[in-house]
Amino acid sequence: MFDNVYERKKVLITGHTGFKGSWLCTWLLRLGTEVCGFSVNIPTNPSNFEVLGLKEKIQHIVGDVRNSTQLLRAVQEFQPDIVFHLAAQSLVRRSYNDPTTTFETNVLGTMNVLECIRQCPSIQAGVIITSDKCYRNVEWIWGYRENDILGGEDPYSASKGCAELIIYSYINSFFRDGSRVASARAGNVIGGGDWAEDRIVPDAVKAWSQGKSVVIRNPNATRPWQHVLEPLSGYLWLGSKLWEKNSMAKGQAFNFGPGASVNQSVIQVLSSMAKYWPGADWKVDQIDGNNQKESTLLKLCCDKALNLLNWEAILPFEETTAMTIEWYQTYYEQGKDHMLRLTNCQIDEYSSRASAEGLPWALS
């Protein structure tokens, strides 16, 4: 897969202990990659990184992307071929409570990663992951394109918009003829192994596993929900394309999300998951005294990824929720010893599905 770019390559992942980072580590290991992770902590308990036993399978470095000296030392010692930057403060509500850490991590951290790419000749490709919330959301009904206005009202969204401006500056100032860099923006990601606070799926399965109702705030908020393997396939395909000598992906920003028809509300997500979880229930509590604004409508236009990379999401919404619930049910009913096998099985099944549908990243 991915034109065999990752076999026997050295790949550095920042934020490897997080939800998406741990899935990315697992997939790269299946591709024969030597993986090094750089992360400040284990962000949740439980943790997908720990459940999958990844600490013993990769080079695990504890460090803060805000510390340029720490990060540069790790990069120079590992000498990666490719870098995926996922480290972030990724929660909107937490950004209101701690805007300083949010801006420092998401803005200064991104700049430090770009500086490392600039200073380390071994790095031939860098995929910098930001967020669909980097756009200034005016809640229109069509999807945001990569050339739409950046920025946001909450600290998290604003920090991601700032990160994109820094990426654009570095690409045009330092990477025209050197290391190849692109940014990736993904919509709301769900899947097994996410235990972050204030996310609908982790909140639901935690409650349901204890026989409780999950409390939701914004039942009608809609998002372009996608399984975690969808954007990861985009990130990996983008990284492999950047490896090419004269890649059209060089210096570009790409949205990775589902088709325009996949834009369900929170209630629709819960209803779909509840089909596979007996006794699942929820209640709405829209009273929130902190006046922290959260967007209610957000979707992406992914035509650029389709046209330049020949990438598209392939999982119908019902399959996305079914795979997600299968993972959590296995964890709660059978324990963590079964989770690496199931995670690898879901990666293989998704890859086979993509190959059958003729997506070039999945074709050998």
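The table for this structure:
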read-out	value
Pair list, Cβ under 9 Å, 6 or more apart: region 337-350 residue touching a residue at least 40 places away in the same chain (Cβ under 8 Å) and more than 20 Å from Glu56 (Cα to Cα), other residue of a type in the set (Gly, Ala, Ser) and assigned to a helix (DSSP H, G or I)	Tyr350/Ser233; Tyr350/Ala362
Subset of region 141-159 (residues that are in contact (Cβ under 8 Å) with a residue 60 or more places away in the chain and either assigned to a loop (DSSP other than H, G, I, E, B) or not hydroxyl-bearing (Ser, Thr, Tyr) (or both))	Ile141, Trp142, Gly143, Arg145, Glu146, Glu153, Asp154, Pro155
Total residues in region 167-184, condition crowded, with 21+ Cβ neighbours inside 10 Å and outside any strand (DSSP E or B)	4
Residue within region 103-114 that is within 19 Å of Thr69 (Cα to Cα) and in contact with a Leu (Cβ under 8 Å, 6 or more places away or on another chain) present	yes
Exclusive hit being more than 15 Å from the chain's Cα centre (by Cα), surrounded by fewer than 17 Cβ atoms within 10 Å (Cβ to Cβ) and closer than 16 Å to Leu232 by Cβ, set Arg30, Arg8	Arg30
Residue satisfying all of: in region 147-170; of a type in the set (Val, Ile, Thr) and either modelled with pLDDT of 95 or more or out of contact with any strand residue (DSSP E or B) (no Cβ under 8 Å at 6 or more places or on another chain) (or both); farthest from Thr102 (Cα to Cα) among these	Ile167
Subset of region 123-140 that is within 19 Å of Tyr170 (Cα to Cα) and assigned to a strand (DSSP E or B) - its residue that is nearest to the chain's Cα centre (by Cα)	Ile129
Entirely in region 35-97, the helices (runs of 4 or more DSSP H) that have 2 or more residues that are touching a strand residue (DSSP E or B) at 6+ places or on another chain (Cβ under 6 Å) and buried (at least 17 other Cβ atoms within 10 Å of the Cβ)	68-78
Matching residues, region 33-45, being more than 18 Å from the chain's Cα centre (by Cα) and at pLDDT 95 or above	Thr33, Glu34
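One line per residue, one yes/no per condition, for (1) part of a strand (DSSP E or B); (2) hydrophobic (A, V, I, L, M, F, W, C); (3) in contact with a Leu (Cβ under 6 Å, 6 or more places away or on another chain):
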position: Glu197; (1), (2), (3): no, no, no
position: Val205; (1), (2), (3): no, yes, no
position: Gly211; (1), (2), (3): no, no, no
position: Asn220; (1), (2), (3): no, no, no
position: Leu236; (1), (2), (3): no, yes, no
position: Asn246; (1), (2), (3): no, no, no
position: Gly251; (1), (2), (3): no, no, no
position: Asn255; (1), (2), (3): yes, no, yes
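So that you can scan it fast, the table gives a plain yes or no per residue for (1) surrounded by fewer than 20 Cβ atoms within 10 Å (Cβ to Cβ); (2) farther than 19 Å from Arg94 by Cα; (3) without any contact (Cβ under 8 Å) to a residue 40 or more places away in the chain:
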| site | (1), (2), (3) |
| --- | --- |
| Ala186 | no, yes, no |
| Val189 | no, no, no |
| Lys206 | yes, yes, yes |
| Asn218 | yes, no, no |
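The values are calculated or read from the model by the stated rules, or taken from the named source; none is laboratory data. If you're wondering where the values come from, they're calculated on a predicted model, not measured in any experiment. Glycine also receives a Cβ, built like all others from the backbone with ideal geometry; neighbour counts cover every protein chain displayed.
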